[in-house]
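The values are calculated or read from the model by the stated rules, or taken from the named source; none is laboratory data. Everything numeric here is computed off the predicted structure, so don't read it as measured data. In this analysis, Cβ positions are derived from the backbone assuming ideal geometry, glycine residues included, and neighbour counts consider all displayed protein chains. Accessible surface areas use protein heavy atoms only, side chains included; no ligands, DNA or RNA. Shrake-Rupley method; radii C 1.70, N 1.55, O 1.52, S 1.80 Å.
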Amino acid sequence: MTHYETVFILTPVLSDSQVEEAVNKFNDFVTANGGEIVAKENWGLKKLAYPIQNKRNGFYHLVEFKSDNNELVSQLEVAYKRDERVIRFLTVKLDKHGMDWAEKRRTKLKSNSNK
């Protein structure tokens, strides 16, 4: 299975329930198209490096998933483009070093949350 990591930024004018709805929509899209979600992270409302669509903040979300379906990434990116709540996204394929780094990041986050 190929591992991927996608980060998407949602517009800051959404309520918490609307943000949750959008995140669930994309997570369900991945699982419905043969993907398996490995990890999810909500990075919260952050300031953008530069204005996008006259917005200076956005809700950041990271989803790490794996899939055998080669078309899943392109289908997911089309879904991002069609959804007006998404202002930016980036999906990358993880190599063995990227998977090791992601695993270390997840274990570090778990150990910090247990303290």
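Of all residues in the stretch 17-30, those satisfying the criterion of being open to solvent by less than 50 Å² (accessible area, probe 1.4 Å), closer than 12 Å to Leu76 by Cα and either in contact with a Leu (Cβ under 9 Å, 6 or more places away or on another chain) or not in a helix (DSSP H, G or I) (or both) are Phe26, Val30. Kindly indicate whether any position in the stretch 63-72 is touching a residue at least 40 places away in the same chain (Cβ under 8 Å), in contact with a Pro (Cβ under 9 Å, 6 or more places away or on another chain), within 12 Å of Phe8 (Cβ to Cβ) and hydrophobic (A, V, I, L, M, F, W, C). Within the stretch 63-72 (the criterion being touching a residue at least 40 places away in the same chain (Cβ under 8 Å), in contact with a Pro (Cβ under 9 Å, 6 or more places away or on another chain), within 12 Å of Phe8 (Cβ to Cβ) and hydrophobic (A, V, I, L, M, F, W, C)), the answer is no, since none of the residues qualifies.
Just to be sure, is Asn57 touching a Leu at 6+ places or on another chain (Cβ under 6 Å) and at negative phi? Against the criterion (touching a Leu at 6+ places or on another chain (Cβ under 6 Å) and at negative phi), Asn57 qualifies.
Would it be correct to say that Phe89 is at pLDDT 95 or above and either open to solvent by 40 Å² or more (accessible area, probe 1.4 Å) or out of contact with any helix residue (DSSP H, G or I) (no Cβ under 7 Å at 6 or more places or on another chain) (or both)? Yes: the conditions hold for Phe89.
Criterion first (under 16 Å from the mean Cα position of the chain (by Cα) and closer than 24 Å to Glu103 by Cα) does Val19 satisfy it?
No.
Here Phe8 meets each of (1) open to solvent by 50 Å² or more (accessible area, probe 1.4 Å); (2) outside any helix (DSSP H, G or I); (3) among the aromatic types (Phe, Trp, Tyr) with one exception, condition (1).
Quick one: what pairs do we get from the stretch 2-15, first residue hydrophobic (A, V, I, L, M, F, W, C), second open to solvent by 30 Å² or more (accessible area, probe 1.4 Å) and outside any strand (DSSP E or B), C-beta under 7 Å, 6+ apart or different chains? As it stands, the answer is Leu10/Arg85; Leu14/Arg85, since those pairs meet every condition given. So in the stretch 31-84, with the set limited to residues that are under 20 Å from Thr2 (Cα atoms), charged (D, E, K, R) and not in a helix (DSSP H, G or I), which one is least open to solvent (accessible area, probe 1.4 Å)? Step by step, filter the stretch 31-84, then rank; the result is Glu64.
Would the stretch 78-87 turn up any residue that is under 23 Å from Leu109 (Cβ atoms) and either free of Cβ contacts under 8 Å to residues at least 40 places away in the same chain or polar (S, T, N, Q) (or both)? The answer is no; no qualifying residue exists. Every condition in (1) loosely packed, with under 15 Cβ neighbours inside 10 Å; (2) at pLDDT 90 or above is met by Leu14 except one, and the failing one is (1).
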